[in-house]
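Beneath this line is the structure, given in structure tokens, with notes to follow.
Where a number appears in this text, it was derived from the coordinates with a stated rule and is not lab data. Keep in mind that what you see is a predicted model, and the values were worked out from it rather than measured. Cβ atoms come from the backbone with ideal geometry, glycine included; neighbour counts cover every protein chain shown.
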Amino acid sequence: MRRVRATLWAIAAIAIGSLHALGAANPAEDSDLPQAAPGQLLIAAPEMGDPRFSHTVILLVRHERSGAFGLIVNRPVETVPLARLLGDLGESSDGASGTIAVFAGGPVETAIGFVLHSAEYHLPETMAIGDKLAITSSPQVLRDIAAQHGPAKYLFAFGYAGWGPGQLEDELKQRAWFTAPGDAKLLFDGDRSTLWQDALDRRERAL
């Protein structure tokens, strides 16, 4: 399992690097696409029937004509020692201290790890999400967090939410999702048990 997770982490890093290099278009620039831009929140409608996404809040990382990608930010699973997590990923845990909350980021590729974090931290494979957020899929970010040299704010998740071409657009038209401005305080410091309602309230204030 350690070797598999480490390999998948490497694949995720390559995938994020490829997206970064391509410079995915912001759909807000295309008038025929529903408005949902990277950095915004997708809030599951109360009537959402899919249990995988019921009452979820997703930070949209990428949205372009070829599909969309995001991370669920309100489904914590467990809190684990950083040393154990690094060991599970096949990485050295020497000197690692502290714990980290592990989230279920979505139903796709649930063995791949992602760190959503504040934008002041940057590695070569880091992909920016607007001006204030970024995402990195590399064991180095966890090593830096364990050594207290990592990002000021972060959220670690296994898996992601993904949509094929046109799928998210259709779901937005069907009002399966509401959108709201992203907010670092809400993402990193909000109470996970009330985050869905808090995000809905933020949307109402933004209208």
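A few comments on the model shown:
- Neighbour-count order for F69, F178, fewest beta carbons within 10 angstrom listed first: F178, F69
- For the stretch 154-207, the set of trypsin sites (Lys or Arg not before Pro) satisfying both a DSSP loop assignment and a count of at most 11 other C-beta atoms within 10 Å is given as R175.
- When the square roots of the Cα gyration tensor eigenvalues are ordered a ≥ b ≥ c, the ratio a/c for the stretch 87-153 is 1.5 or more and a/b does not exceed b/c, which makes its shape oblate.
- Net lengthening on full extension, E78/E120 (0.36 nm per residue, minus Cα-Cα): 12.5 nm
- Cα-based Kirkwood hydrodynamic radius, the stretch 86-207, one decimal, Å: 16.2 Å
- Residue exposure sequence - H122, H149, H63 - by fewest surrounding Cβ within 10 Å: H149, H122, H63
- Extension gain for T99-Q197 works out to 32.5 nm (0.36 nm per residue, less the C-alpha to C-alpha distance).
- Proximal lysines to K153, defined as alpha-carbon separation beneath 22 angstrom and excluding residues fewer than eight positions away on the same chain: K132, K185
- Using a simple spin-label model with pseudo-atoms 7 Å out from Cα toward Cβ, S92 and Q140 lie 1.5 nm apart.
- A cut-off under 12 angstrom between Cβ atoms defines the neighbours of F178, and their net charge, with Lys, Arg +1 and Asp, Glu -1, is -1.
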